[in-house]
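Here the structure is laid out as structure tokens; the discussion comes afterwards.
The values are calculated or read from the model by the stated rules, or taken from the named source; none is laboratory data. Note that the structure is a prediction, hence the values are computed from the model and not measured. Cβ: placed from backbone, ideal geometry, glycine included. Neighbour counts: every protein chain shown. Just so you know, the surface numbers come from the protein's heavy atoms only, side chains and all, with ligands and any DNA or RNA stripped out. Shrake-Rupley method; radii C 1.70, N 1.55, O 1.52, S 1.80 Å.
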Amino acid sequence: MGKVVLVTGAARQLGSRFVRRIQHDPEVERVVAVDAVPPEHDLGGAEFVRTDIRQPMIAKVLAQHSVDTVVHLDVTGSTPLGAGGRTQVKETNVIGTMQLLGACQKAPTVRRLVVKSTTSVYGSAPRDPAVFRETTPVKSLPSGGFAKDAVEVEGYVRGFARRRPDVAVAVLRFANILGPDADTPLAEFFALPVLPTVFGYDPRLQFVHQDDVLAVLVLAALEARRGTLNSGTFNIAGDGVLLLSQTARRLGKPTVPVLLPAVTWIGQLLRTAGVTDFAPEQIRLLTHGRVVDTTEMRDTLGFEPAYTTAETFHDFALGHGPGLLPPARLAAAVDRLAAAVGTDTDTGVRR
């Protein structure tokens, strides 16, 4: 008999895409999709169960379907602009994870657990190391928001792993997820017509493509391939880095450098207006940046992303069209200006 996979957060875009993807794997017999709200996207042949993971009912779902693999995607940084807001998100992230892990601990059929996490657990601070490994001590733990939720979630997962050593547990710390139709807070930031930046800072950023996210989730949910081990904690990101200034140029969008206190005020204004969830943790990322090492992802997990950081951002940019300053038009304008003042554009020397 094949695997019975339960997926939380199935109503969201990432959850529904994963549900459709995993059910076609020959190792999988059935997929049970769980969420507190009806899905907006097609779930294929999966069975949808409407239940809130914060409630004890999730234990009955695990038992009723004899679930052996749990993929926990209901850990999110996106804050609904409607009722509940940040409080509801935190309860689902933290309380929901506690309830789910408690149910998994009592379910004898569960043999594998995959948990979606984030590289935000490392924080973003001026004295951070140049590159974070999975074992790097964090100098400044996140003080709030999704990053703090993820830290708490990972703590509960480690406790579960100690109590159920017979369960293979994989925690995937994703860098910022982007793609043509990504719906993450950073994608909303890059969708703004003008990008507010912190004066005097040009942070290094890493991205992971939404297709690579699906591929590595499938890899972690199934049996490990020969010579690999898909249990443990892994940084997941595309090769290379981009500076924030480079991302703005590739989008063809102007930036507005402002002093750090003003950035916080702008973030609150954008959040109140419902434009984007410009949380404090995102402001810290856009100030100090963050880069992670992916050696364990390749050597231990055996996963090779199809997209680099630059390729991921390029694919994202293609899906959003030219900005106010399309790169080709900007380059042509620079050439015309140089010609007007008699400057050689190759050497920068005035003729």
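Of the residues G144, G179, G159, G155, only one is of a type outside the set (K, R), touching a residue at least 60 places away in the same chain (Cβ under 8 Å) and under 20 Å from K90 (Cβ atoms); which? Give the derivation first.
Working: G179 fails: under 20 Å from K90 (Cβ atoms); G159 fails: touching a residue at least 60 places away in the same chain (Cβ under 8 Å); G155 fails: touching a residue at least 60 places away in the same chain (Cβ under 8 Å).
Selected residue: G144, the only one of G144, G179, G159, G155 that is of a type outside the set (K, R), touching a residue at least 60 places away in the same chain (Cβ under 8 Å) and under 20 Å from K90 (Cβ atoms).
Any residue at all in the stretch 126-143 that is at pLDDT 90 or above, of a type in the set (D, E) and closer than 15 Å to A279 by Cβ?
no
Between residues in the stretch 201-225 that are free of Cβ contacts under 8 Å to residues at least 24 places away in the same chain and open to solvent by less than 10 Å² (accessible area, probe 1.4 Å) and residues that are among the aliphatic types (A, V, I, L, M) and not in a loop (DSSP other than H, G, I, E, B), which pairs lie under 6 Å by C-beta distance while being six or more apart or on different chains?
Pairs that qualify, where the first residue is free of Cβ contacts under 8 Å to residues at least 24 places away in the same chain and open to solvent by less than 10 Å² (accessible area, probe 1.4 Å) and the partner is among the aliphatic types (A, V, I, L, M) and not in a loop (DSSP other than H, G, I, E, B): there are none.
Of these, A46, A59, which one is aliphatic (A, V, I, L, M), open to solvent by 30 Å² or more (accessible area, probe 1.4 Å) and touching a helix residue (DSSP H, G or I) at 6+ places or on another chain (Cβ under 8 Å)?
Values: A46 fails: open to solvent by 30 Å² or more (accessible area, probe 1.4 Å).
Step by step, each of A46, A59 is checked, and only A59 is aliphatic (A, V, I, L, M), open to solvent by 30 Å² or more (accessible area, probe 1.4 Å) and touching a helix residue (DSSP H, G or I) at 6+ places or on another chain (Cβ under 8 Å).
Give the residues of the stretch 232-279 that are in contact with a helix residue (DSSP H, G or I) (Cβ under 8 Å, 6 or more places away or on another chain), at pLDDT below 95 and hydroxyl-bearing (S, T, Y), sorted by residue number.
Listed by number, the residues that qualify are T255, T264, T276.
For every residue, the table says whether it meets (1) open to solvent by 10 Å² or more (accessible area, probe 1.4 Å); (2) within 16 Å of L6 (Cα to Cα); (3) of a type in the set (K, R); (4) under 19 Å from the mean Cα position of the chain (by Cα).
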site	(1), (2), (3), (4)
G96	no, yes, no, yes
K106	yes, yes, yes, no
T119	no, no, no, yes
Y122	no, no, no, yes
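Those residues that are closer than 24 Å to D202 by Cα and surrounded by fewer than 19 Cβ atoms within 10 Å (Cβ to Cβ), I need them from the stretch 138-174; list them, please.
If the condition is that a residue be closer than 24 Å to D202 by Cα and surrounded by fewer than 19 Cβ atoms within 10 Å (Cβ to Cβ), then V138, K139, S140, L141, S143, G144 are the ones that fit.
Mind checking which residues of the stretch 187-200 are within 19 Å of V75 (Cα to Cα) and open to solvent by less than 10 Å² (accessible area, probe 1.4 Å)?
Taking the stretch 187-200 as the starting set, the residues that turn out to be within 19 Å of V75 (Cα to Cα) are 187-188.
Selection gives A187 alone.
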